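A.B. asks: Mind having a look at this structure? Questions to follow.
The values are calculated or read from the model by the stated rules, or taken from the named source; none is laboratory data. Being a predicted model, the structure only gives us computed values, none of them experimental. Please note: Cβ atoms are built from the backbone with ideal geometry, for glycine as well, and neighbour counts cover all protein chains shown.
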Amino acid sequence: MIDPKLLRTDPDRVRASQTARGEDPAVVDELLAADEDRRVAIGEFEALRAEQKGLGKQVSRAQGDEKAALLSRTKELSEQVKAAEARSNEAQQRFTELHAGVANLVFGDVPTGGEDEGVVIETHGEPRDFAAEGIEVRDHLDLGASLGAIDVERGAKVSGSRFYFLTGVGAELEFALINFAMSKALAYGLVPVIAPALVRPTAMEGTGFLGQAAQDVYHLPADDLYLVGTSEVALAAMHSDEILDADTLPKRYVGYSPCFRREAGSHGKDTRGIFRVHWFDKVEMFVHCAPEDAEEQHQQLLAYEKEFLTDLEIPFQVLDVASGDLGLSAARKYDCYSWVPSQQRYREITSASNCTDFQARRLNIRARFADGTAPVATLNGTLCAVPRTIIAILENHQQADGSVRVPAALQPFLGGRTSLTPSA
């Protein structure tokens, strides 16, 4: 959540951020009013409570008519205190609800616009000219079927649409990618974590996934637990309600977990293959750091993603994501889009977000800095979203004979194999 002090001292900045996101800036005035009501109600309650405590001391010393009068006032005051406390709690709840719905402040130089208005800031690699090579491009599902690697029909039979089996070399390719990604992360000095895929509501709310993204989340009502859409949730909440020592920062993790998403609102989009699915595995990087180090850490996470895709010899672009497509928690996000030959366009494959101190305030994660205790900053970055990375490898490295070339960097993780060949 945003800093309440900033809301009071610079509400125009909050309004500008809301407008950039395509949200109603009027909520800022509602929030300011709710904050004032809350502070007044708290003040009234505390004043009455202080009077109540003072009367208690006077009663013990008073006698006769004075004592009777004090007891009468004490009874009257008791009802007033209860009513004031109820008003204070109600005002606090109203403020908390409004506060939780205000997204993180967008950085001023983030491109303005919606989903299709991100700005390409880098392009890496050149898409192959398959026509010049005499190759008719096949999509990942066609290639995956011929390799015995992807089975969406049986996935749908067992679990429904947007589920799949990875079989044979498909399963091997997943394990190879995960192991390759983890080996890269260890070389970067990140601490590996196997993160839980089920979390409590506080973790989901704290990371901002029960607001705008609530319709995309799977909930288990009997247990009041949520299936995570990314291990970011567990990695962020791992230090909730903690005060960290500043000299232990940055804390840099790499988590592995399955991820679950309803893909609400994507009806009819990317229905073929494994690009947009309800379940997938992912290797996710996460950082807790001092706020002044957040921008540097953001660039570092992006550099790791770029190196990973470069090692896999996948052409890609880096986008500075537009303000209206950031999600609740991010102040800035960079997406990497890999080239998809069958679609003749770039598609999202990784993201790296700077959430400043927004999530840490919601999760109550602080650190002892030289000038006092304050919230930390949190950042996240996808190192490998397995299905989309498999798509990029199959399509970009397909050969005329139906085989798929294995990038040199990945070969050690596939037993030295240089290619994947169609199954008999």
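A.B. asks: Considering only residues that are surrounded by fewer than 18 Cβ atoms within 10 Å (Cβ to Cβ) and on the phi > 0 side of the Ramachandran plot, which ones fall in region 204-237?
C.D. replies: 224
A.B. asks: So which residues in region 106-126 are in contact with a helix residue (DSSP H, G or I) (Cβ under 8 Å, 6 or more places away or on another chain) and closer than 12 Å to residue 396 by Cβ?
C.D. replies: Once the filter is applied, which keeps residues that are in contact with a helix residue (DSSP H, G or I) (Cβ under 8 Å, 6 or more places away or on another chain) and closer than 12 Å to residue 396 by Cβ, region 106-126 yields only 125.
A.B. asks: A further question follows. What number of residues within region 149-162 satisfy the criterion of being touching a residue at least 60 places away in the same chain (Cβ under 8 Å) and crowded, with 17+ Cβ neighbours inside 10 Å?
C.D. replies: The number of residues fulfilling the criteria is 4.
A.B. asks: Among the residues of region 54-97, write down those that are modelled with pLDDT under 85 and under 30 Å from residue 3 (Cα atoms).
C.D. replies: The answer is 81, and nothing else.
A.B. asks: For the subset of region 176-191 comprising residues that are of a type in the set (A, V, I, L, M) and surrounded by fewer than 15 Cβ atoms within 10 Å (Cβ to Cβ), which member is farthest from residue 394 (Cα to Cα)?
C.D. replies: 191
A.B. asks: List every residue pair whose Cβ atoms sit under 9 Å apart, with the two residues 6 or more apart in sequence or on different chains, where the first one lies in region 34-46 and is surrounded by 13 or more Cβ atoms within 10 Å (Cβ to Cβ) and the second, anywhere, is among the basic types (Lys, Arg) and in a helix (DSSP H, G or I).
C.D. replies: 34/94; 35/8; 37/87; 37/94; 38/94; 41/87; 44/87; 45/87
A.B. asks: Count, please, the residues in region 105-114 that happen to be touching a residue at least 24 places away in the same chain (Cβ under 8 Å) and either assigned by TED's automatic domain parsing to the domain that holds residue 51 or among the charged types (D, E, K, R) (or both).
C.D. replies: Of the residues in region 105-114, 0 are touching a residue at least 24 places away in the same chain (Cβ under 8 Å) and either assigned by TED's automatic domain parsing to the domain that holds residue 51 or among the charged types (D, E, K, R) (or both).
A.B. asks: Since residue 122 meets every condition but one in (1) within 24 Å of the chain's Cα centre (by Cα); (2) loosely packed, with under 12 Cβ neighbours inside 10 Å; (3) outside any loop (DSSP other than H, G, I, E, B), which condition does it not meet?
C.D. replies: Tallying (1) within 24 Å of the chain's Cα centre (by Cα); (2) loosely packed, with under 12 Cβ neighbours inside 10 Å; (3) outside any loop (DSSP other than H, G, I, E, B), residue 122 fails exactly one: (2).
A.B. asks: Given the criteria surrounded by 15 or more Cβ atoms within 10 Å (Cβ to Cβ), under 20 Å from residue 272 (Cβ atoms) and assigned by TED's automatic domain parsing to the domain that holds residue 230, does residue 389 qualify?
C.D. replies: yes
A.B. asks: Please count how many residues of region 1-31 are of a type in the set (D, E, K, R) and within 21 Å of residue 207 (Cβ to Cβ).
C.D. replies: 3
A.B. asks: Here are some residues: 145, 149, 171, 156. Which one is in contact with a Gly (Cβ under 9 Å, 6 or more places away or on another chain) and of a type outside the set (Val, Ile, Thr)?
C.D. replies: Exactly one residue qualifies, and that residue is 149.
A.B. asks: Which numbered condition in (1) closer than 21 Å to residue 254 by Cα; (2) touching an Asp or Glu at 6+ places or on another chain (Cβ under 9 Å); (3) crowded, with 23+ Cβ neighbours inside 10 Å is the only one that residue 291 fails?
C.D. replies: Of everything listed in (1) closer than 21 Å to residue 254 by Cα; (2) touching an Asp or Glu at 6+ places or on another chain (Cβ under 9 Å); (3) crowded, with 23+ Cβ neighbours inside 10 Å, residue 291 misses just condition (3).
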